[in-house]
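The values are calculated or read from the model by the stated rules, or taken from the named source; none is laboratory data. Keep in mind the model is a prediction, meaning the values are calculated, not measured. Note that each Cβ is placed from the backbone with ideal geometry, even for glycine, and that neighbours are counted across all protein chains shown. Areas reflect the complete protein model, heavy atoms only, side chains present, ligands, DNA and RNA absent. Shrake-Rupley method; radii C 1.70, N 1.55, O 1.52, S 1.80 Å.
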Amino acid sequence: TGVQTVCSSDLVLSNLDDFPIHQTSEPMRHAATSDRNFYDRYYFNGFDKSGTTMFVAGLGVYPNLGVIDAYLLVFHEGQHRVVRASGALDTADRLHPSVGPLSIEVIEPLQRLRVKCTDNEWGITLDAEWNGAMPAFEEPRHYIRENGRVIFDTCRLAQTGGWTGELRFAGQTMKLSSSEWWGTRDR
């Protein structure tokens, strides 16, 4: 008949497959590209209005490599302190991205997110909520082709907003309030 049915153990469904959000005919845990460098990530920064302290946090997933990594950097009084974590990506549960002590929670899509870094050997913790001060906007597409080969193809969203919560490091505790702590994010 010329019809072949393929069933592979690699095509395992995840909780995302129950939602009408697919962009291809593949299960959601499979990227639409075979590019090993394909990634999806969060980036945040936060700074107090006095200019004495700032932090940068990020979390990225690399589905075609099976990797997730994250970091939190705090800069205060000329000192950088960093927490980094990396591990195997759980492709079955991408709604709760976390690795080591670092995690991101989407509370209200495109408006409120929670960034956490729990207790760890470096003594840096963060439990902070991002609240967008304006709607997120889509940046222009970045597309680079070199020697006939696509080497960069990405599109991000960007947003400005404020932080509430708590940042602890080097024996200090800083209360974050959106009137004093601002930042930007992209995704």
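Restricting attention to the range 136-183, the residues that are among the β-branched types (Val, Ile, Thr) and under 16 Å from Leu113 (Cβ atoms) total 2.
Among the strands (runs of 3 or more DSSP E) confined to the range 25-105, the ones with at least 1 residues that are small (Gly, Ala, Ser) and farther than 28 Å from Asn131 by Cβ are located at 79-88. Give me the residue from the range 151-175 that is open to solvent by 60 Å² or more (accessible area, probe 1.4 Å) and of a type in the set (D, E, K, R) and, out of that set, modelled with the lowest pLDDT. Here the answer is Asp153.
Of the residues making up the range 117-134, those that are within 18 Å of the chain's Cα centre (by Cα) and part of a loop (DSSP other than H, G, I, E, B) number 1.
Of all residues in the range 40-58, those that are among the acidic types (Asp, Glu) have Cβ atoms under 6 Å from Cβ atoms of residues that are assigned to a strand (DSSP E or B), 6 or more apart or on another chain, in Asp40/Val61; Asp48/Trp181. With the condition kept exactly as written, say whether any residue in the range 39-54 is under 23 Å from Gly161 (Cα atoms), of a type in the set (A, V, I, L, M), out of contact with any strand residue (DSSP E or B) (no Cβ under 6 Å at 6 or more places or on another chain) and open to solvent by 20 Å² or more (accessible area, probe 1.4 Å). Scanning the range 39-54 turns up no residue that is under 23 Å from Gly161 (Cα atoms), of a type in the set (A, V, I, L, M), out of contact with any strand residue (DSSP E or B) (no Cβ under 6 Å at 6 or more places or on another chain) and open to solvent by 20 Å² or more (accessible area, probe 1.4 Å). Exactly one residue out of Ser98, Ser103 is open to solvent by less than 70 Å² (accessible area, probe 1.4 Å), closer than 16 Å to Leu167 by Cβ and of a type in the set (Ser, Thr, Tyr): that is Ser103. If the condition is being closer than 17 Å to His96 by Cβ and open to solvent by 50 Å² or more (accessible area, probe 1.4 Å), then the range 107-128 contributes Ile107, Glu108, Pro109, Arg112, Arg114, Lys116, Thr118, Asp127. State yes or no: is Gly161 assigned to a strand (DSSP E or B) and within 23 Å of Ile68 (Cβ to Cβ)? Spelling it out, it is not the case that Gly161 is assigned to a strand (DSSP E or B) and within 23 Å of Ile68 (Cβ to Cβ). With respect to the conditions (1) within 14 Å of the chain's Cα centre (by Cα); (2) open to solvent by 40 Å² or more (accessible area, probe 1.4 Å); (3) under 26 Å from Leu16 (Cβ atoms), Thr184 lacks only one, and its number is (3). Just one of (1) open to solvent by less than 80 Å² (accessible area, probe 1.4 Å); (2) touching a strand residue (DSSP E or B) at 6+ places or on another chain (Cβ under 8 Å) fails for Gly148. It is (2). With the structure loaded, tell me whether Thr33 is touching a residue at least 60 places away in the same chain (Cβ under 8 Å) and within 30 Å of Tyr143 (Cα to Cα) or whether it fails that test. No: the conditions fail for Thr33.
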